[in-house]
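Trainee: Before I ask anything, let me first share the structure, which is written out below as structure tokens.
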Amino acid sequence: GGIITQTPKFLIGQEGQKLTLKCQQNFNHDTMYWYRQDSGKGLRLIYYSITENDLQKGDLSEGYDASREKKSSFSLTVTSAQKNEMAVFLCASTDSISNERLFFGHGTKLSVL
Amino acid sequence: QEKVQQSPESLIVPEGAMSSLNCTFSNSASQSIWWYQQHPGKGPEALISIFSNGNKKEGRLTVYLNRASLHVSLHIRDSQPSDSAVYLCAVRASGSFNKLTFGAGTRLAVCP
């Protein structure tokens with residue numbers, strides 16, 4: 001089996017700050033995703049990447065940048081943190097054959113003061 | 001854009017009872033439907049998926065899909081306290097390669 005590791009687990013930022021979240025997977029999966037989870041709402045797709053150096057915008061990409069420099073890693077940048085923002089950011093991956101089942105990391109919880 | 005609604009928002013059942021969770025989606029051409037389980041502080045974990053109309057059974061889990069009524073349900077037989085979690089319904093729409101749309105979830109509590 002494999003694992004998806006997200007760092008940091010908790011991230012506290014200031015309004016207007018640029019913040020970077022990191023994700024590593026050892027499944028050797030091609031496709032990786034970043035989702036945002038807000039209380040009481042479904043997961044919303046921010047960015048995904050189908051291979052190294054590929055980036056595809058999801059439904060919630062405004063205010064975020066992403067980078068996939070290696071097959072095993074996918075990073076997400078909040079370009080300007082919003083005051084009182086609080087959400088969990090989840091990284092996931094799928095294998096290239098089925099592209100169906102998502103494997104998730106444990107998430108990064110963001111709080112903006 | 002695909003819309004996914006889950007009900008109820010929360011559910012409390014006694015240990016040993018059947019838990020029944022519902023999900024409706026907006027597009028009858030949707031391909032696969034997945035159920036994920038999420039414990040506090042953890043990422044979602046895939047439980048079961050269904051593509052064809054009808055039902056699918058895996059262990060204590062049974063899922064029913066009715067494309068005509070745009071409805072899918074998950075039933076957990078002999079519910080255990082360890083089943084207490086948030087359950088997320090996710091739908092892959094036709095033509096939306098690599099993209100799942102998630103519902104807001106049902107919070108299940110199984111009381112000993």
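The values are calculated or read from the model by the stated rules, or taken from the named source; none is laboratory data. Worth saying up front: this structure is predicted, and the values here are computed from it rather than measured. Reconstructed Cβ throughout: ideal geometry from the backbone, glycine too, with neighbour counts over all protein chains shown.
Trainee: Which of the following residues is on the phi < 0 side of the Ramachandran plot and either within 12 Å of the chain's Cα centre (by Cα) or without any contact (Cβ under 8 Å) to a residue 24 or more places away in the chain (or both): A:Asp95, A:Asp38, A:Asp65, A:Asp30?
Mentor: Selected residue: A:Asp65, the only one of A:Asp95, A:Asp38, A:Asp65, A:Asp30 that is on the phi < 0 side of the Ramachandran plot and either within 12 Å of the chain's Cα centre (by Cα) or without any contact (Cβ under 8 Å) to a residue 24 or more places away in the chain (or both).
Trainee: Would you point out which residue out of B:Gln5, B:Gln37, B:Gln31 is assigned to a strand (DSSP E or B), surrounded by fewer than 18 Cβ atoms within 10 Å (Cβ to Cβ) and not aromatic (Phe, Trp, Tyr)?
Mentor: Every option except B:Gln5 fails the conditions.
Trainee: Taking only region A:35-61 into account, find how many residues are away from chain B (no Cβ under 12 Å) and either among the small types (Gly, Ala, Ser) or under 17 Å from A:Thr7 (Cβ atoms) (or both).
Mentor: 1
Trainee: If only one of B:Leu88, B:Leu65, B:Leu47 is more than 11 Å from chain A (Cβ to nearest Cβ) and either in a loop (DSSP other than H, G, I, E, B) or modelled with pLDDT of 95 or more (or both), which one is it?
Mentor: The unique qualifying residue is B:Leu65.
Trainee: Here's another thing I want to ask about it. Hey, could you check region B:68-90 for residues that are over 10 Å from the mean Cα position of the chain (by Cα) and crowded, with 16+ Cβ neighbours inside 10 Å and say which is nearest to B:Thr24 (Cα to Cα)?
Mentor: It comes out as B:Leu70.
Trainee: Any idea how many residues of region A:1-19 are away from chain B (no Cβ under 11 Å), in a loop (DSSP other than H, G, I, E, B) and either in contact (Cβ under 8 Å) with a residue 40 or more places away in the chain or over 30 Å from A:Arg101 (Cβ atoms) (or both)?
Mentor: 7
Trainee: B:Lys57 versus (1) more than 22 Å from B:Gln5 (Cβ to Cβ); (2) surrounded by 18 or more Cβ atoms within 10 Å (Cβ to Cβ); (3) of a type outside the set (Asp, Glu): which is the lone unmet condition?
Mentor: With respect to (1) more than 22 Å from B:Gln5 (Cβ to Cβ); (2) surrounded by 18 or more Cβ atoms within 10 Å (Cβ to Cβ); (3) of a type outside the set (Asp, Glu), B:Lys57 is out only on (2).
Trainee: Return the residue satisfying two criteria in turn: it lies in region B:91-112 and is within 14 Å of chain A (Cβ to nearest Cβ) and buried (at least 21 other Cβ atoms within 10 Å of the Cβ), and of such residues it is farthest from A:Lys41 (Cα to Cα).
Mentor: Taking the candidates together, the pick is B:Arg92.
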